[in-house]
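Trainee: Quick one: structure below, then a few questions.
The values are calculated or read from the model by the stated rules, or taken from the named source; none is laboratory data. Quick caveat, the model's predicted, so the values are computed rather than measured. Cβ: placed from backbone, ideal geometry, glycine included. Neighbour counts: every protein chain shown. The accessibility values were calculated without ligands, DNA or RNA, using every heavy atom of the protein model including side chains. Shrake-Rupley method; radii C 1.70, N 1.55, O 1.52, S 1.80 Å.
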Amino acid sequence: MSDRLPGFSTLAVHAGAQPDPTTGARATPIYQTTSFVFNDADHAASLFGLQAFGNIYTRIGNPTNAVLEERVAALEGGTAALAVASGHAAQVVVLQQLLQPGDEFIAARKLYGGSINQFTHAFKSFGWNVVWADPDDTASFERAVTPRTKAIFIESIANPGGSITDIEAISTVARKASVPLIVDNTLASPYLIRPIDHGADIVVHSLTKFLGGHGNSLGGIIVDAGTFDWSTGGKYPMLSEPRPEYHGIRLQETFGNFAFAIACRVLGLRDLGPALSPFNAFLILTGIETLPLRMQKHCDNAKAIAEFLASHPAVASVSYAGLASDKYNQLARKYAPKGAGAVFTFSLKGGYDAGVSLVEKLQLFSHLANVGDTRSLVIHPASTTHSQLDDAAKIRSGAGPDVVRLSIGIEDKEDLIADLEQALSA
Ligand SMILES: *Cc1c(COP(=O)(O)O)cnc(C)c1O
């Protein structure tokens with residue numbers, strides 16, 4: 001082998017995988033087993049004591065999932081990763097390592113709706129307090145920092161309007177506050193943006209979306225950048241203090257630049273339990289092999305459709321960072337030069353009724369609550385995902401009554417445009 005570093009597409013196909021050592025199987029097998037036989041009593045004891053790496057029980061780790069973890073860590077440029085059952089599970093497991101009851105974390109106001117709910121309600125019951133900041137105003141993050149702040153959470157490309165976040169500017173705030181920056185990279189995928197290159201300390205994904213990519217499997221993943229010093233000021237006892245569960249070892253001292261990924265596995269996943277099924281890991285791995293091809297097609301189609309909509313007389317406005325006229329176009333050129341993603345919103349001159357009617361008339365687009373499928377998807381947030389908010393809050397979150405959200409698939413763009421054309425003119 002030459003000492004060339006493999007490119008992104010090569011890693012998407014190969015990282016973490018080898019022919020199966022016992023059978024020679026070339027595709028990664030689905031290790032559909034709950035448990036793994038120990039060599040002997042010493043081996044078992046050393047696995048349980050974290051003195052050796054190996055398989056014990058699928059809630060803690062599984063060889064199919066391990067290939068997925070190594071692959072996504074390689075694509076994101078992290079030191080290690082942990083796969084879990086869903087994107088939401090990834091968020092719980094990450095914050096459980098960082099926050100004690102009464103602590104705070106700062107989150108960008110523009111987030112996936114489910115994350116807004118999770119942070120506002122479920123996390124409150126754990127005593128974890130979210131403080132909101134405006135991703136378009138870096139100073140609002142700085143103002144939100146208090147002695148109880150333990151993390152900052154943003155999305156690289158944010159739901160629902162596809163806006164681009166200035167990751168480097170917010171990472172500077174996180175550095176100054178000595179807290180880790182967590183970036184949800186679901187809508188970009190590492191093909192478009194690698195947040196670690198811009199100062200992220202932890203990356204999370206809903207694998208359910210573009211990484212799996214086919215709308216068939218839920219999953220989530222946590223990537224450790226290996227960049228954060230967990231010993232600062234005793235703020236992160238899960239990582240810096242002796243763990244009674246493991247004979248008093250200190251995770252940072254023992255595992256160095258992948259201690260966070262280990263903490264998520266042995267303190268988070270082991271005890272909270274949201275393990276990813278190896279079958280889902282297999283489907284998501286298969287999806288990742290074509291990520292670069294799919295993502296480019298998603299973005300090229302999205303740009304063509306955004307341009308079509310921007311010039312249509314029934315359309316009031318289009319919010320897509322890939323358009324030269326868009327507010328986020330400068331940030332898109334910097335952070336996502338290959339394309340500005342495939343999820344965006346537009347608004348109709350006819351308001352709420354026109355939005356509902358459009359969604360009902362589309363035939364090729366599926367009306368459902370998901371993004372990042374091979375199929376094109378549509379939803380009217382004001383009457384569905386954001387219907388619990390009052391009108392002012394809907395508008396603030398980019399889901400006003402006239403707004404329609406699209407997730408553009410990988411079909412022929414001419415067919416998608418024809419479908420929009422007939423629905424808009426009907
Ligand atoms: C879907 C999504 C999530 C949650 O992921 P699940 O796999 O549905 O739990 C989190 N963040 C973003 C940006 C998402 O799109």
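Trainee: Name the residue from TYR246, SER140, SER46 whose Cα lies farthest towards the positive end of the charge dipole of the chain, charges +1 on Cβ of Lys and Arg and -1 on Cβ of Asp and Glu.
Mentor: So the residue we want is SER140.
Trainee: Now for a different question. Over the chain, what is the percentage of antiparallel beta bridges among all DSSP beta bridges, to the nearest 5?
Mentor: Bridges in the chain that DSSP calls antiparallel: roughly 60 percent.
Trainee: Net charge around LEU192, counting only other residues with Cβ within less than 13 Å of its Cβ (Lys, Arg = +1; Asp, Glu = -1)?
Mentor: Local charge sum for LEU192: +4.
Trainee: Which pairs, out of LYS209/LYS297; LYS110/LYS413; LYS349/LYS394, put more than 20 Å between their alpha-carbon atoms?
Mentor: LYS110/LYS413
Trainee: Moving on to the next point. May I ask you to give the percent of accessible area on the chain that is carbon plus sulfur, with a probe radius of 1.4 Å?
Mentor: So the carbon and sulfur contribution to the accessible surface is 55 percent.
Trainee: Now for a different question. Projected onto the charge dipole of the chain (+1 at Lys/Arg Cβ, -1 at Asp/Glu Cβ, origin at the Cα centre), which of HIS198, ILE152, ALA177 gives the Cα projection farthest towards the positive end?
Mentor: Checking the options against the dipole of the chain, the answer is ALA177.
Trainee: Further, regarding this structure: Tell me the label-point distance for the pair LYS349, ALA392, using the 7 Å Cα-to-Cβ offset, in nm and rounded to one decimal.
Mentor: Label-label distance for LYS349 and ALA392, simple model: 3.0 nm.
Trainee: Say each of ALA304 and THR120 gets a label point 7 Å from the Cα, pointing the same way as Cα to Cβ; how far apart are those two points in nm?
Mentor: With each label point 7 Å from Cα toward Cβ, the separation is 3.8 nm.
Trainee: Quick check for me: using +1 on Lys/Arg Cβ and -1 on Asp/Glu Cβ, what's the dipole size of the chain about its Cα centre, in debye to the nearest 20?
Mentor: 320
Trainee: Counting only heavy atoms of protein chains, what accessible area per residue, in Å², does the chain have with a probe of 1.4 Å?
Mentor: Here the residues of the chain average 41 Å² of exposed surface.
Trainee: Which longest uninterrupted range of the chain lacks any trypsin sites (Lys or Arg not before Pro) assigned by DSSP to a loop state (not H, G, I, E or B) and surrounded by at most 11 other Cβ atoms within 10 Å?
Mentor: Answer - 27-426.
Trainee: Taking the Cα atoms of the range 17-287, report the difference between the largest and smallest coordinate on each principal axis, in whole Å and largest first.
Mentor: That gives 56, 43, 32 Å along the principal axes, largest extent first.
Trainee: On average, how much area does the Cα convex hull of the range 1-50 cover when viewed from any direction, in nm²?
Mentor: Directional mean of the projected Cα hull area for the range 1-50 stands at 6.1 nm².
Trainee: Please pull out the direction-averaged projected area of the range 294-393, using the convex hull of its alpha-carbon atoms, in nm² to one decimal place.
Mentor: Mean orientational projected area (the range 294-393, Cα hull): 7.0 nm².
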